[in-house]
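A short worksheet on the structure shown next.
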Amino acid sequence: MNRMPIWMDCDTGTDDAVAIMLAHALPELEIKGISAVCGNAEQEKTYWNTQRVIGLVGARYPVYRGAERPLMKPLTTAAHAHGQNGLGGVELPVPADAAVPELPAWDALYECARQYPGELRLIATAPLTNIAIAFTKHPDLPGLLRDMLVMGGSAGRGNITPAAEFNFFVDPHAASVVFRSGVKLTMCGLDVTLQAYLTRAQLDGFAASGTRVGRFVSECTRPGRKLVEKFGLPGFSMHDCCPVMFAAHPELFGGEMAGVVIETRGDITSGKSVTDLYSDKQFPFKNAFVVLKLDRERFISILTERLLSLG
């Protein structure tokens, strides 16, 4: 099997951690690098959380430091969902051989794309600050990528505000740069990620597996589980696993091409992903495949099997 080269850009909180482990476990994918950005927590935390997670599964991937703040607004974090340390309060050791490359995230991504022109798939599960900087500094980068898969946005609802999904709200200006860049985009927003949930019983099953990864998945999601129960949701959504799974198993998903624009100026609507999916008036372009449907049963089956295979 020819494995697809991927680059992951993360703000490693709980579901980013699971997404990284899933990408490591899927035989179709080969991680070439990971970059960390501020978002769910401060960049200092998300960077070392990334190192801790790859150490948990015994992996050795280069992890690059990215942006410490959004492009044009103060940082909003999500300790209420991910805990103060970003990993739900779970303390993982930093690998003894963890190295900190000197190259910043945006330059490292560009060099990797030059090494795999037309092949590298960029999976972003965080505010898009690193990617906007990379696309601005290296304007040929969008054309070097095979495509970009984003966890962010929504065709119709928000979570951090009534209008906006968290990742796009944290840095709407960066999201706007990316969606105007011409890169081939797949948007896994709340429309599909809220379908990708694990129930309390399924998370308890991870704990009962007796594996290190299973226990970690169950424990790190506890703060988030309390939050979703408060809002009456059916389970803990594995938002960031959706673009990873889409890269390996697109047959599990359905959606439509649409025009997507990111709102950057509205006081109430900042970060909203405005699509023409449900509008009589259409944008003069279709710049993203918006994922709307998920075969949840197969998604959970593959997710569970691959994560527990890590031990």
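Nothing in this text is a laboratory measurement; each read-out follows from the coordinates by a stated rule. These numbers come from a predicted model, not from an experiment. Note that we place each Cβ from the backbone using ideal geometry, even for glycine, and neighbour counts take in every protein chain shown.
Amide H contacts for residue 67 (H built 1.01 Å from N in the peptide plane; partners 5 or more residues away or on another chain; cut-off under 5 Å): 38, 130. Cβ-to-Cβ counts within 10 Å put 212, 306 in ascending order as 212, 306, the fewest first. Lys-Lys pairs in the chain that are eight or more residues apart or on separate chains and whose Cα atoms lie under 18 Å of each other come to 4. Mean residue ellipticity at 222 nm, helices only, the chain: -10500 deg cm²/dmol; runs of at least 4 DSSP H residues each add -39,500 (n - 2.57), and the sum is divided by the number of residues. Relative contact order of the chain: 19 percent, from C-alpha pairs under 8 Å at least 6 residues apart in sequence. Across the range 136-152, computed HN-Hα scalar couplings (Karplus, 6.51 cos²θ - 1.76 cosθ + 1.60, θ = phi - 60°) run 6, 6, 10, x, 8, 4, x, x, 7, 7, 5, 5, 9, 10, 10, 8, x Hz from first to last residue, x flagging Gly and Pro. Listed by Cβ neighbour count within 10 Å, with the fewest neighbours leading, 146, 157 appear as 157, 146.
Between amide H atoms placed 1.01 Å from N, distances below 5 Å from residue 294 occur with 254, all of them 5 or more places distant or on a separate chain. Say R0 is 41 Å: what FRET efficiency, to the nearest 0.05, do residue 60 and residue 293 get from their beta-carbon distance? FRET efficiency, residue 60 to residue 293: 0.70.
Over all other residues within a Cβ to Cβ distance under 10 Å of residue 68, the charged ones net out to 0, with Lys and Arg as +1 and Asp and Glu as -1. Panel order for 8, 245, by other beta carbons found within 10 Å of each beta carbon, from fewest to most: 245, 8. Along the chain, counting only chymotrypsin sites (Phe, Trp or Tyr not before Pro) with a DSSP assignment other than H, G, I, E or B and at most 16 other Cβ atoms inside a 10 Å radius, the longest segment between sites is 1-230.
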